[in-house]
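Bear in mind these aren't lab numbers, they're just calculated from the coordinates by the rules spelled out. Just so it is clear, the structure is predicted and the values come from calculations on it, not from any experiment. As a convention, Cβ positions derive from the backbone with ideal geometry for all residues, glycine included, and neighbour counts pool all protein chains shown.
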Number of protein chains: 2
Amino acid sequence: MNQKIYRVNVRDRTITEEPIPAAYRKLGGRGLTSALVSAEVPPRCHPLSSENKLIIAPGLLAGSLASTSGRLSVGGKSPLTGGIKESNAGGTAGQALGWLGIAAILLEDLPEDPEARYVLKFNSEGGTLENHPELAGLGNYATCDSLRAIYGAKSTSFLTIGPVGELKLAAASIAVTDREGRPTRHAGRGGLGAVMGSKGVKAIVLDTAGVQRPKGHDPKAMQRASQRLAKLMADHPVSGETLPLYGTNALAEVINAAGAYPTRNFSTGTFEGVHKISGETERDTILARGGNPRHGCQAGCTIQCSSIYPGADGDYISKGPEYETVWANGANCGIDDLDAIAQIDRLDDDLGLDTIEMGCVFAVAMEGGLLPFGDASGVIRLLDEEIRHGTPLGRILASGTETTGRIFGVCRIPCVKGQAMPAYDPRSIKGIGVTYATSPMGADHTAGYTIAQNVLHVGGQIPPLETEGQVDLSRELQIATAALDSTGLCLFVAFPMLDGPEVAEALMELLTAYRGESWTLDDYLALGRSTLHRELDFNRRAGFSPVADRLPDFMRREALPPHDSVFDIPDEELDKVHETIR
Amino acid sequence: MNQKIYRVNVRDRTITEEPIPAAYRKLGGRGLTSALVSAEVPPRCHPLSSENKLIIAPGLLAGSLASTSGRLSVGGKSPLTGGIKESNAGGTAGQALGWLGIAAILLEDLPEDPEARYVLKFNSEGGTLENHPELAGLGNYATCDSLRAIYGAKSTSFLTIGPVGELKLAAASIAVTDREGRPTRHAGRGGLGAVMGSKGVKAIVLDTAGVQRPKGHDPKAMQRASQRLAKLMADHPVSGETLPLYGTNALAEVINAAGAYPTRNFSTGTFEGVHKISGETERDTILARGGNPRHGCQAGCTIQCSSIYPGADGDYISKGPEYETVWANGANCGIDDLDAIAQIDRLDDDLGLDTIEMGCVFAVAMEGGLLPFGDASGVIRLLDEEIRHGTPLGRILASGTETTGRIFGVCRIPCVKGQAMPAYDPRSIKGIGVTYATSPMGADHTAGYTIAQNVLHVGGQIPPLETEGQVDLSRELQIATAALDSTGLCLFVAFPMLDGPEVAEALMELLTAYRGESWTLDDYLALGRSTLHRELDFNRRAGFSPVADRLPDFMRREALPPHDSVFDIPDEELDKVHETIR
């Protein structure tokens, strides 16, 4: 495919268009961001310095009509982990970049004027960089309103940062607009919003007016393969039934029943209030209030696991909070009020914050005595007053879980490589603990989602409390995920893919038909391996030793109810995860 | 010698007396704290968790009549660096421990009651642990006043923490009283005050009433060797003339002239206001106001480099601020007001803060826009209002330079292993850069003081801007210092020791006569090597990779005026420093 790369130097305000180098032609998404970070960012640089780069890349299938193919990868050196980061988002930007033929955008150097708030715009004619200082300090919702007033609403997709990204704080996300133009899908993990803030870029506008969807190399084969993939996804119970019906939050009851639903800062594995915040309750609430329980975050998605969450008055509050968001700001904070969680979700989206990191921040702050567990209005006040205005307390909280723990003298810090853990306690589901420990991304459930085999019995069964088999499982999933994250497809394609060979076949057909090069499963898995290899190598050069691939010490010492289990996969086993890849 | 170890379990409030194990009999000070930390503290534990220990040990010569032999070592896993830490202090506690026959005190576990403020007292009859919650939140000066009211003034020495240690923040020091009972000598580096705070111990009282000075194995040989050492120290120009006359701050003009006096957060190497804050000016000011320009921090010291600094009204403000304190809170913050620096010194001592770390904190906060460079009254206000009261902003600042940088989005962070650099820019004096980079303690000038050879021409001459020879120099000094820090002698003994063999001979005579075992120079250097080995091994097990042995990236990129030099000793050379020790 004919794709281009844009380098945007924010110091001299130049935009350079380059054809994608031959060596990178079979890379996209995470594969491309990690290759570029690995090649161009000095591993020991400060993440907010001129030497770091923010790299935005859609997947290999971006712009195609394949379902869920518009996921976006954002890469750079993470201000949160100090390692390489790929943060993945839904929404409309991935497809827009595909339509515009853009393989990657690189933001380079630092602005001369720290007060500048650049808006970077791409359309069919190329890129422009304009300073809009009036956007300074605006939340993502208001920013998107302003951008629409300037750039139009019809064919535009926005990537924006909120005030937290402008403050360059390590829990800052990058928001991507959904089909309604709302900043509800986020490259949340790892603080890349702070890197965008350090570059002085408040927003990226992608305008596809007058642009045709790329047909790809073989449009007919493309269409056949897309339809085949869509049918396989529709036929699988997870991607075809559970997710469309209840969304991601279908997991709340399931993981709570498994005793792995981290509650009150990872002090127990079940939450007495789970029924009040479950996916079933969320769906009922949305339906009762006239909201939309089934919504796609991007056009053409056949799963449509998102939803629209209205208040009691029927007015929009936020998109339906996802499983991780409900857990982090619910059970983990002792909060069982779904409306409050939706408000927190809205505030996180508006301020530009990772909802997982922030739920863990508040839980640690609660353990440290800043506010009591369960104090939802306290969390809302801290978000809307302290963080929004960048007060010292707000800056502490928006710097992430580990920093908050340091400031409030808390020892139970559920982080790996400085990044807070998602919604599965690794003492009760040990496979995911292997992924948290060994992923180059820090604690990240999406990097190797063993919940499939450990709990959902998709792709096999490996009992969650066993130590045997988890290392091999996590390794294979991490390789496959690194490949999938390069295609731009949603991770939820993995459910049917794990249960039979047809999805992988359809995917190879798709890649071959769209890209015009031959793709085999071997090519695909080699892409996963080489991507992981680059990431691990970057982290090694950044200073990560094998000891960075460990869970926090307390998870080996404090037994978690109800199974009273600790994480007991030996260190030497953890070291084997990437042995063949390093 | 018959010495004992006390284990104090703060959870069950028991104090256990043990004879010093045979394997540890030839260890003292840093050698002993590092051996105990290495053997008993899990390297991956959280520094504020029950698994960390605070270990207090005087040197091998503690309690003897040898000049400067009362230095104290405090060890543990550092909340600031995450690695092993030995923090070294003057004052009266080291001698008191020697008189009491105590080789080490270990504080273990965590208290049941987080509101407890224990006072741990040792006298000739053993140890007691009393709860004095009324001491909560008191500054070190008020704490010492209260302790004197309870425990008497005559024969007592105190180790105390201020409010910052109680808040368990990473810049917290442990104060040691001087001969006037003032909390002016600090185990400042590495945040061990936070570990003491986590143990719920507000103070340790050492009462030597009715105790005789230990005579040692061979009192006559001891006296001869002590006198020989004292004469050699008096005869050397640094320990016999410069330090007694001007104190440590004699260095200000010297290091400024070398272009290595880090100014305004390490952005240039000379300070236009140096004459206003130099050792010469400090001495003149003290004399003009009727203060004492020559004062020993412990009894029997023949150097007496300390002083007493009064205000314009003649009333005591603080001990004379040391070179590092004057620099950190002076040039590095753009402050040229010696009275303000003395007030800052007093506040740091009272709050229980490392003056080096805090000067770097304020300089980074100034670069981040919190207050302008040169704003001394702003610094005083932040210390006395925000930090004293533990406000969110106060907690940020008292968490150290790296955390302050994260919160205020600053990239120029002059830290190694999370610990702020002292008063010598390693771009202008490259030997000290090798020490900063490779010492297991983080950036620490005392760990291998190449300023002697690089600038002062003591012990040879190795030009400061050369890259050749610095690695070997730093290694030899790091080994010798690890040994010296085990004797309890002051580092200033190193000046005459570097200029001839007599001091080392006298020292071996002293050790042999006092301890009753034979000590040769080979034994002594082997102690240095084994101590460093244990420390490096602990850090490796804690997760430090060779990349932790690097200076911050900006020091390789940003040239420092006036020499416009960068730190250019290759990484491979740095890796050779401890190659034979690891």
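Expressed as a whole number of Å, what is the distance separating the alpha-carbon centroids of segment A:283-358 and segment A:520-544? So the two Cα centres are separated by 34 Å.
Sorted shortest first, the distances from the B:Asp522 label point to those of the same residue in the other copies are 6.3 nm; each point sits 7 Å from Cα along Cα-to-Cβ.
Between the beta carbons of A:Arg179 and A:Asp218, assuming R0 = 30 Å, the FRET efficiency works out to 0.60 to the nearest 0.05. Which entries of A:Lys26/A:Lys231; A:Lys85/A:Lys220; B:Lys85/B:Lys154; A:Lys26/A:Lys53; B:Lys85/B:Lys220 have Cα-Cα distances beyond 30 Å here? Table pairs above 30 Å Cα-Cα are A:Lys85/A:Lys220; B:Lys85/B:Lys154; B:Lys85/B:Lys220. Just so you know, the averaged projected area of the alpha carbon convex hull for segment A:461-582 sits at 9.3 nm².
For B:Ala22 and A:Val547, what does the FRET efficiency come to when R0 = 30 Å and r is the distance between their Cβ atoms, rounded to the nearest 0.05?
Numbers: r = 32 Å, r/R0 = 1.07.
It comes to 0.40.
A point 7 Å from Cα along Cα→Cβ stands in for A:Pro114, and the other copies hold the same point at 3.4 nm, listed in rising order. Relative to the current alpha-carbon distance between B:Gln227 and B:Thr520, full extension at 0.36 nm per residue lengthens the span by 103.6 nm. Within the shell of other residues whose beta carbon sits under 12 angstrom from the beta carbon of B:Glu509, the net charge comes to +1, with Lys and Arg scored +1 and Asp and Glu -1. Mean residue ellipticity at 222 nm, helices only, chain B: -10500 deg cm²/dmol; runs of at least 4 DSSP H residues each add -39,500 (n - 2.57), and the sum is divided by the number of residues. Segment A:111-160: which trypsin sites (Lys or Arg not before Pro) are DSSP loop and have at most 14 other beta-carbon atoms within 10 angstrom? Passing both the DSSP loop test and the Cβ count: A:Lys154. For segment B:258-330, the alpha carbon convex hull comes to 105 Å³ per residue, rounded to a whole number.
Gyration tensor over the Cα atoms of chain A: the corresponding equivalent ellipsoid has semi-axes (square roots of 5 times the eigenvalues, largest first) of 31, 28, 24 Å. For an R0 of 25 angstrom, estimate the FRET efficiency from the Cβ-Cβ distance between B:Lys576 and B:Glu505 and round to the nearest 0.05. Result of the calculation: an efficiency of 0.25.
When only Cα pairs below 8 angstrom with a gap of at least 6 residues are kept, segment A:4-207 shows a relative contact order of 23 percent. As a ratio to 2.2 N^0.38 Å, the alpha-carbon radius of gyration computed for segment A:4-207 takes the value 0.90. Farthest toward the positive end of the dipole of segment A:4-207, out of A:Gly59, A:Tyr151, A:Gly127, is the Cα of A:Gly59, where the dipole comes from beta carbon charges about the Cα centre.
Shown here for segment A:473-544: GluC sites (Glu not before Pro) in loop regions (DSSP other than H, G, I, E, B) with at most 14 other Cβ atoms within 10 Å, namely A:Glu517. With contacts taken as Cα pairs under 8 Å and at least 6 residues apart, chain A reaches a relative contact order of 16 percent.
Under 14 Å from a label point set 7 Å out along the Cα-to-Cβ vector of A:Ile15, the amide N atoms of segment A:106-147 belong to A:106-108, A:118-132.
Here's how it looks for B:His186: its modeled amide H is under 5 Å from those of B:Gly90, B:Val176, which are all 5 or more places away or on a different chain. Projected onto planes of every orientation and averaged, the convex hull of the alpha-carbon atoms in segment A:60-132 covers 6.3 nm². A viscosity of 0.890 mPa s and a temperature of 25 °C, combined with the Kirkwood radius over Cα pairs in Stokes-Einstein, give a translational diffusion coefficient for segment B:290-420 of 162 µm²/s. Restricted to Cα atoms, segment A:138-290 shows a radius of gyration and a Dmax of 20.2, 54 angstrom. What separates the A:Gln461 label point from its copies, with the point 7 Å along Cα to Cβ, is 8.1 nm, written shortest first.
Over all pairs of different C-alpha atoms, the protein assembly as shown has a mean inverse distance whose reciprocal, the Kirkwood radius, equals 30.8 Å.
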